[in-house]
Amino acid sequence: MKYRLRVNGGTRDVDVPRGTQLLEVLRDDLGLTGARYGCGRGQCGACFVLADSGRGPRAVASCLMAVDQAATVEITTVEGLAHDSELHPVQEAFAAGDAMQCGYCTSGMVISAVALLASSPKPSDAEIRDALAPNLCRCGVYTRAIRAVKRAAG
Amino acid sequence: MSREVSERAARVAPASRGSAPDAPIPNLVEQRIRFEPDGSVTAFSGKIEFGQGIRTAFAQIVAEELRLDPERVRMVMGDTAQVPFDRGTFGSRSIAQDGDALRKAAAYAREQLLRRASEKLGVARERLTIADGAVRDGGVRDGSRGLTYAALAADPPLAGEVPDDVPLTPASEHRVLGRPRARVEARDIVTGRATYVADVRLDGMLHGKRLQPPVRGARLRSLDDAAARAMPGVRVVRDGDFAGVVAERAAQAQAALDALEADWTSPNGDDQQTVVIPMREDDGVDAALASAAHVVEASYVLPYISNAPIGPSAAVADVRADEATIYAGTQRPFGLRTEIASALGLAEERVRVVPRMPSGTYGRNSVGDASFEAAMLSRLAKRPVLVQWTREEEFTYAPARPAAVLDAKVGVGADGSLVAWRYDEHTNAHGYGFAVDPRVAPFTSGRNAIPPYRFGKGRITLYIEPTPVRTASFRSLAAAENVFAIESLLDELAFAARTDPLTFRLRHIDDPRLRRVVEAVAERATLGERSSAGLGKGLACTIYHGTYCAQVAEVVIAANGTPRLTRFWCAVDPGLVVNPDGVRNQIEGGIQQSASWTLLEELGQRDGRITTTGWDTYPIATFRDAPEEIDVHVMGDEAKPSTGVGEPGTVPVAAAIANAIFAACGARVRELPIGAERVRRARPNG
C-alpha cells in the first residue's frame with residue numbers, strides 16, 4: 001500500500017502494509033531512527049513524535065499510530081527540530097544542562113517538552129512534570145530535565 | 001581468630017571462561033594513543049560507554065596529560081578489532097582502572113615526545129614547551145622551530161610498555177581535570193543522530209526473532225511452522241533447540257513468531273544446593289551478644305527486581321562462512337567475542353564485536369542474549385539480522401536482581417560500643433552462567449556485607465541459594481541489598497541506645513574520609529533540626545569500591561501512608577575528580593533510580609516464570625515522583641586516586657529513605673518496596 005507522508009517539512013512516499021506502525025515506517029523505511037522502540041504500547045514515551053492536524057503539535061506515541069492515520073497529519077521527529085546547525089532551544093537546553101545519561105529516552109522527552117512549550121510557553125514545575133510524565137527515564141535525569149525545560153522556556 | 005577474606009585471595013579465582021581473569025594486562029602505549037596528522041589524538045579503551053560519561057572523562061584525562069583541548073581527543077571504545085583487551089565495564093571501575101591506564105599512557109607519550117624533540121632540536125628538555133599538538137623551543141620567540149606530535153611520534157613509531165612510575169601532571173597544574181564538561185555525545189543525542197544498537201542498518205539485513213524457550217534449558221520437542229512459512233517475506237530457521245524466524249519487516253517477523261506452535265519438554269530439575277561462605281568468623285560472638293546492654297535482632301527483605309532498561313535488548317549480526325561481525329550492546333565485548341566464536345565454531349580472531357550505545361541497562365548487558373540470537377539467526381539465514389526484543393520479552397527473559405533476606409543480630413555494650421555483629425545474608429547468585437566460586441562470591445553476592453563500622457566479635461555468613469528465577473548482574477550487585485539492611489540496622493541500634501543516628505554512626509567510624517562525607521551531608525541537610533509532622537529525614541552511608549558516599553533523604557508521609565520523596569542530599573568523595581558535573585549527574589541518577597527500586601519495584605514471578613509483562617505491571621518512578629531537589633556535594637580528594645561514581649550513589653538510598661520514614665512517622669519498614677500499606681502496618685497508630 002502506498003502512502004504519502006508529511007515528515008519534517010517534506011513529503012515522503014512509502015509502500016508498506018496497511019496498518020504498519022508509524023514507528024516502524026520512520027525507523028525502517030525512512031531511516032529516521034531518532035524515535036526509539038521502548039515498549040510498543042505507548043507506556044514509555046521513547047517513540048514520541050509531534051503530530052499536527054492543524055491545531056498545533058501534540059506529542060504522540062508513534063508505536064500506536066498506524067501509517068494510515070499518520071498520512072493525515074504533519075509529523076515532526078526529533079531529527080526535524082533543529083534548523084541547519086541551529087538546535088531547537090529545548091535541544092540546546094538539554095545538551096547544555098547535561099540532562100541525559102544513556103540518552104535513549106531523550107528524543108521522546110525533547111518532543112514532549114517542545115509540545116508543552118508550544119501550548120504553554122512559561123510552564124510551572126507541576127505542568128512540566130505532568131507533560132513529561134509519559135516519558136520514562138531509567139537513568140534518572142528527571143530533575144535535570146525539569147531544569148532544562150525551564151531554561152528552554154527562558 | 002578472625003578469618004576475613006582478602007582481596008588477594010579472591011583474585012585467584014578463575015572458575016569462569018577465558019584466560020586467567022586477573023592476570024595483569026600490559027599497558028602498551030601503541031595500543032592506547034595514536035597521533036593523527038591533523039594534530040588530534042585518538043585514544044583506545046576496552047570499556048563501554050552506556051551513559052556513565054566515561055567517553056567524556058577519558059578524553060579529559062588524555063587531553064590533560066597531552067596538553068590538548070579535549071575536543072582534540074577522540075575515544076575509540078570497546079571495538080575488539082581496535083582496542084586492547086578488557087575484562088568488562090562493571091563495578092564502577094572504569095575511571096579507577098582504565099582511566100589510570102590511559103592517563104599513564106598519555107603521560108608516557110608526552111615524555112617520549114619531549115625526549116625526542118630535545119634530541120632533534122638539540123635543546124635541553126627544560127627549555128621545551130609542549131602544548132596544543134606541538135613541542136616548541138621555549139627560548140625561541142617566534143616559535144618557528146615547533147615539531148608536531150604526529151611527526152615526533154612517527155619515526156620510529158612510539159611503542160612499548162608504559163612504566164608505572166611515569167610522571168603525572170600534578171593537580172596544581174590541571175587545566176582540564178576537575179573542570180565540568182558536557183558530554184561528548186550530547187549533540188548527537190538531542191538531535192536523534194546517536195546510533196544505538198537497534199539503529200544499525202546493514203545492506204540485506206533481515207529482522208529476526210528467536211522462539212524463546214518457556215524456561216531455560218527446555219528442549220524443543222516439536223515445532224509446527226506451517227502457518228509461519230505461509231507468510232510473505234518470512235523464513236523459519238532451526239538448529240536443534242534453537243528456532244526462530246527472519247523476515248523482511250519487523251512486524252512480519254513478530255507475526256511469524258506468534259504463529260509458531262512449539263512443544264517444549266521441561267528441563268530436569270537441577271540439584272543446585274545452597275553454597276555457604278563464611279566471610280568472618282570470630283570466636284565468642286554469642287557470648288558477646290549475651291553480655292550486650294542492647295541487642296537488636298531484625299530481618300530485612302528485598303524482592304527480585306528488573307534492570308528494566310528503557311530500550312529492550314537488541315543486536316545486529318553479520319555472520320559469514322568464516323567470519324562474523326556483531327554490533328552489540330555489551331559490557332564485555334571480549335567475553336562476548338569468546339562466547340559468539342564458540343557458538344559459531346569460529347576462531348576468536350574471526351569474530352569482531354563492535355559495541356554501539358545501548359540504552360542504559362545497569363548490569364543487564366553482562367549477558368549477551370540478543371547478540372547470541374542475532375548471530376545464530378544470521379548464520380542460519382545467511383544474511384545480516386537485527387534482533388529487537390519486545391518489552392514483554394525483556395521483562396520475561398532477562399535476568400533479574402536476586403532476592404535477599406538479611407538476618408542481623410547486633411549488640412551494643414554499656415559503653416556504647418558495638419560488641420557483637422551477627423549477619424546472615426541469604427541471596428542468589430549475582431552472576432549468570434557459571435558455578436558459584438566461593439573465592440569470588442564475597443565480592444559479588446557478598447559485596448558490602450561487612451559494615452564500615454568498628455565492632456568487636458563478628459560472624460558474617462553468605463548463603464547463596466538456588467532459585468528458579470534467572471538472576472545476574474545488577475548495578476552495585478549485592479551492595480544495595482546489604483547496605484539497606486546494615487544502614488537501617490544502624491538506625492535501629494541508635495534508637496535502642498537512645499542516641500541520634502548521626503552521633504551513633506560517628507562513634508563507630510574510624511575512616512576519616514567516611515566521617516568527612518557523613519558530617520558534610522548532615523550539615524547540608526540540616527539533619528537533626530526539628531521538622532514538621534509527617535516529614536522526616538534519614539541518614540545512610542557507604543564505602544563502595546573506594547568511593548565515599550553519605551546521603552540524607554527527606555520524605556513526607558501522606559495520611560494514607562504513602563511515602564513521598566521530597567528532597568535528597570548526598571556528599572560524595574571519589575578521590576581526584578575528573579568531571580564534577582559528570583559525577584553529579586551519575587550520583588543524581590543513581591539516587592533517582594534507587595529510590596524507584598525502594599518505593600515501587602517488585603518483579604512478579606511464579607515458580608521462576610516471570611509474570612510481569614510491561615510498565616503497567618512494573619511501575620518505575622516517573623517525572624511526577626522526582627524529588628524537588630537532589631543536592632550532590634562533590635567533595636573530591638585530589639591527593640587520592642580517582643574512583644567510580646556509577647554505582648555508589650544507588651547504594652545507601654533505600655536505607656536513607658527507610659530511616660526517613662521512621663523519623664517521619666515511627667514506621668520501621670524492613671521489606672521493599674515500601675508502599676503505603678507497609679507504612680500503615682508498621683506505623684504505631686496504623
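Applying the selection to region B:627-652, what residues are in a loop (DSSP other than H, G, I, E, B), farther than 16 Å from B:Leu576 by Cα and either within 22 Å of the chain's Cα centre (by Cα) or more than 14 Å from chain A (Cβ to nearest Cβ) (or both)? Once the filter is applied, which keeps residues that are in a loop (DSSP other than H, G, I, E, B), farther than 16 Å from B:Leu576 by Cα and either within 22 Å of the chain's Cα centre (by Cα) or more than 14 Å from chain A (Cβ to nearest Cβ) (or both), region B:627-652 yields B:Glu647, B:Val651, B:Pro652. Taken over region A:33-68, the criterion of being in contact (Cβ under 8 Å) with a residue 24 or more places away in the chain and over 19 Å from B:Pro312 (Cα atoms) is satisfied by A:Val49, A:Leu50, A:Ala51, A:Asp52, A:Gly56, A:Pro57, A:Arg58, A:Ala59, A:Met65, A:Ala66, A:Val67, A:Asp68.
For region B:308-343, a residue qualifies if it is among the acidic types (Asp, Glu) and in contact (Cβ under 8 Å) with a residue 60 or more places away in the chain, and the qualifying residues are B:Asp318, B:Glu339. When region B:115-166 is filtered for residues that are charged (D, E, K, R) and not in a helix (DSSP H, G or I), the ones remaining, listed by number, are B:Asp132, B:Arg136, B:Asp137, B:Arg141, B:Asp142, B:Arg145, B:Asp155, B:Glu161, B:Asp164, B:Asp165. Taking residues in region B:168-184 that are under 10 Å from B:Thr56 (Cα atoms) and within 14 Å of another protein chain (Cβ to nearest Cβ), and partners anywhere that are among the hydroxyl-bearing types (Ser, Thr, Tyr) and outside any loop (DSSP other than H, G, I, E, B), the pairs with Cβ atoms closer than 6 Å and at least 6 places apart or on different chains are B:Arg181/B:Thr56; B:Arg183/B:Thr56; B:Val184/B:Thr56. For region B:489-509, indicate whether the set of residues that are over 30 Å from B:Glu394 (Cβ atoms), in the same structural domain as B:Phe568 (by TED's automatic domain parsing) and under 25 Å from the mean Cα position of the chain (by Cα) is non-empty. No; the residues of region B:489-509 include none that is over 30 Å from B:Glu394 (Cβ atoms), in the same structural domain as B:Phe568 (by TED's automatic domain parsing) and under 25 Å from the mean Cα position of the chain (by Cα).
Among the residues of region A:49-63, is there at least one that is closer than 29 Å to B:Glu394 by Cα, within 13 Å of another protein chain (Cβ to nearest Cβ), under 17 Å from the mean Cα position of the chain (by Cα) and in a loop (DSSP other than H, G, I, E, B)? Yes, region A:49-63 has at least one match. Within region A:87-106, the set of residues being more than 7 Å from every other protein chain (Cβ to nearest Cβ) and either surrounded by 23 or more Cβ atoms within 10 Å (Cβ to Cβ) or in contact with an Asp or Glu (Cβ under 7 Å, 6 or more places away or on another chain) (or both) comprises A:Val90, A:Ala93, A:Ala99. Taken over region B:399-427, the criterion of being in a loop (DSSP other than H, G, I, E, B) and surrounded by fewer than 24 Cβ atoms within 10 Å (Cβ to Cβ) is satisfied by B:Ala403, B:Gly413, B:Ala414, B:Asp415, B:Gly416, B:Ser417. Of the residues making up region A:1-23, those that are free of Cβ contacts under 8 Å to residues at least 60 places away in the same chain, crowded, with 22+ Cβ neighbours inside 10 Å and not polar (S, T, N, Q) are A:Leu22, A:Leu23. In region B:587-616, the qualifying residues are those that are within 21 Å of the chain's Cα centre (by Cα) and of a type in the set (Asp, Glu), and the one that is surrounded by the fewest Cβ atoms within 10 Å (Cβ to Cβ) is B:Glu602. Only residues that are facing another protein chain (nearest Cβ under 7 Å), part of a loop (DSSP other than H, G, I, E, B) and farther than 13 Å from A:Asp52 by Cβ were counted in region A:70-86, giving 1.
Considering (1) closer than 22 Å to B:Gly575 by Cα; (2) buried (at least 24 other Cβ atoms within 10 Å of the Cβ); (3) within 26 Å of the chain's Cα centre (by Cα), say which one B:Ala63 fails and leave the rest. (2) is the only condition that B:Ala63 fails. The residue of region A:44-86 that is surrounded by the most Cβ atoms within 10 Å (Cβ to Cβ), among those that are among the hydroxyl-bearing types (Ser, Thr, Tyr) and touching a Leu at 6+ places or on another chain (Cβ under 7 Å), is A:Ser62.
Every residue in region B:430-450 that is of a type in the set (Gly, Ala, Ser) and surrounded by fewer than 24 Cβ atoms within 10 Å (Cβ to Cβ), please. Across region B:430-450, the qualifying residues are B:Gly431, B:Gly433, B:Ala435.
The values are calculated or read from the model by the stated rules, or taken from the named source; none is laboratory data. What you see is a predicted model; the values in this text were computed from it and never measured. FYI the Cβ positions are ideal-geometry reconstructions off the backbone, even for glycines, and counts take in every protein chain you see.
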